[in-house]
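**Q** Here it is, the structure in full.
What follows is calculated from the coordinates using simple rules that are stated; it is not laboratory data. This is a predicted model, so every value here is computed, not measured. Quick reminder, even Gly has a Cβ in these numbers, built from the backbone with ideal geometry, and neighbours come from all protein chains shown.
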Amino acid sequence: MAIRVITFGPIRDLTNNESICFDQVADTDQLVRKLHIKYPALEHSPYLIAVDQEIISGNFALSDSDHEIALLPPYSGG
């Protein structure tokens with residue numbers, strides 16, 4: 001299972017505009033741990049996680065199929 005992570009806004013800067021891919025990620029909690037190891041600055045920056053174009057909250061199980069994950073900066077409506 002391949003996990004592709006795309007980033008936007010200031011999150012993109014924190015990941016050095018790199019293409020991010022991980023194999024063998026069971027859930028979003030494990031993904032976040034891997035991201036924080038690879039990009040320590042993310043640990044202290046707020047962001048939202050979207051799985052296959054849907055914003056999620058809490059831990060989300062990643063099935064055996066490929067997923068696209070997006071890290072989004074916080075936003076507010078008005």
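**Q** Please pull out the direction-averaged projected area of the chain, using the convex hull of its alpha-carbon atoms, in nm² to one decimal place.
**A** Dividing the Cα hull surface by four gives the mean projection, 5.1 nm².
**Q** Now for a separate question. Kindly write out, for the range 8-18 in residue order, the coupling ³J(HN,Hα) from the Karplus curve 6.51 cos²θ - 1.76 cosθ + 1.60 (θ = phi - 60°), rounded to whole Hz, with x marking Gly and Pro.
**A** Karplus values, whole Hz, x for Gly and Pro: 9, x, x, 5, 4, 5, 5, 9, 6, 6, 7.
**Q** With θ taken as phi - 60° and the coefficients 6.51, -1.76 and 1.60, list the Karplus ³J(HN,Hα) couplings across the range 24-38 in order, rounded to whole Hz; mark glycine and proline as x.
**A** Those phi angles translate into 6, 10, 7, 7, 5, 4, 5, 4, 4, 4, 5, 5, 5, 6, 6 Hz.
**Q** If Lys and Arg each add +1 and Asp and Glu each add -1, what is the summed charge of the other residues whose beta carbon sits under 10 Å from the beta carbon of ASP66?
**A** Cβ neighbours under 10 Å give a net charge of -2.
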